[in-house]
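Beneath this line is the structure, given in structure tokens, with notes to follow.
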Amino acid sequence: MVHRVGGGVYTVALESGETVEAALRGRLKLEEREGDQVVIGDRVRIETTGDGAQVIEGVLPRETTITRSRFGGRTVKVLVANADRLLIVVAASHPKPRRELIDRLLVVGELGGVVPVIVVNKMDLDGAAEVAGELEQVYVPLGYDVLRVSAFAGEGLDGLATQLCEGIAALAGPSGVGKSSLVNALEPEHALRTGELSRKRGTGRHTTVSSSLIQLRCGGLVADTPGFSDVGVWGVPKEELDRCFPEFLPLRSSCRFRECSHLHEPDCAVQQALAGGVIDSGRFESYRILYQESAA
Ligand code: GDP
Ligand code: ZN
């Protein structure tokens, strides 16, 4: 499995537990130029060449993907392959959670087959219980877990460990919500500087664009990818959007039109559910924003 990618060097963990540095076979390099990159979490086949170098000669099919698409899905970039969970981290306050951002990241998880989990950090702050309660009211009925945690007070860390200590997890969410602090609270020896996770290091020419899976002692792997904080640019192709809203799924077949956008068509079951208060208006508003963005 690819554990680190940066500067054309791929750090690959072998089944034996050994780690090797490998380059890409020429054919794969061509695919890279065409945008189909080998990313962290990819399972690959490795060969040793005549001069003893290690070469990645094949990539196994991906079970899940976390992708970032820009400009209405015209350019899609896979950030992490084979992740099991996408932890959507928000703070109860400082900064206040933005529902639209949570919905955007939930869609990213649904789209790539990665189980999203909402993590509300900074539960030690005043008013946190009300904020977390409001989020639970919206998201728990949709089938999403909402974890209440505090990196400072050590609250909820057992539940967080359950999410992080098995398989591959990715932490997404705006900077300042406490992603680095949470990883440090679980395993202090990683000593991530605050704000360190998922941030570009350096500027301009000296920016390192490496991505890695951080191996936790408890067994899990945490994706550390630059760009995970730029959550504003995540988008989704329009045709894929409604299936990423679980509350729309049972309704879609009842709309009069098969390709209903659920925005303005007559006899739309989603619109009826919205009017009847069955669909949360904030969720629908997120859908509308994402739809218009992807149609633009
Ligand atoms: P990241 O950018 O998401 O990695 O966030 P950081 O881990 O760098 O944390 C951002 C800021 O929030 C820092 O000043 C932390 O000290 C603070 N912080 C992190 N976790 C908590 C928490 O549980 N409670 C409070 N009150 N502050 C926190
Ligand atoms: Zn409809």
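The figures follow:
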| quantity | calculated |
| --- | --- |
| Within region 240-296, tally of residues that are over 25 Å from Glu134 (Cα atoms), touching a residue at least 60 places away in the same chain (Cβ under 8 Å) and part of a loop (DSSP other than H, G, I, E, B) | 1 |
| Tally of residues being of a type in the set (D, E, K, R) and not in a loop (DSSP other than H, G, I, E, B) across region 31-48 | 5 |
| Matching residues, region 125-176, being in a strand (DSSP E or B), over 23 Å from Pro246 (Cβ atoms) and not charged (D, E, K, R) | Ser150 |
| Which numbered condition Asn184 fails, given (1) assigned to a helix (DSSP H, G or I); (2) surrounded by 15 or more Cβ atoms within 10 Å (Cβ to Cβ); (3) at pLDDT 95 or above | (3) |
| Matching residues, region 244-261, being more than 8 Å from ligand 2 (Cβ to nearest atom), among the charged types (D, E, K, R) and surrounded by 14 or more Cβ atoms within 10 Å (Cβ to Cβ) | Glu247 |
| Residue within region 28-48 that is of a type in the set (Lys, Arg), at pLDDT 90 or above and in contact with a Leu (Cβ under 7 Å, 6 or more places away or on another chain) present | yes |
| Residue count for region 271-296, restricted to those that are surrounded by fewer than 17 Cβ atoms within 10 Å (Cβ to Cβ) and β-branched (Val, Ile, Thr) | 2 |
| Test: Asp51 is in a loop (DSSP other than H, G, I, E, B), touching a residue at least 24 places away in the same chain (Cβ under 8 Å) and not aromatic (Phe, Trp, Tyr) | no |
| Residue match in region 64-87 (condition: within 16 Å of ligand 1 (Cβ to nearest atom), of a type outside the set (D, E, K, R) and on the phi < 0 side of the Ramachandran plot) | yes |
| Residue in region 215-236 that is in a helix (DSSP H, G or I), more than 16 Å from ligand 1 (Cβ to nearest atom) and either in contact with a helix residue (DSSP H, G or I) (Cβ under 9 Å, 6 or more places away or on another chain) or at pLDDT below 85 (or both) present | yes |
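The values are calculated or read from the model by the stated rules, or taken from the named source; none is laboratory data. Keep in mind that this is a model prediction, so the values were computed, not measured. Note that each Cβ is placed from the backbone with ideal geometry, even for glycine, and that neighbours are counted across all protein chains shown.
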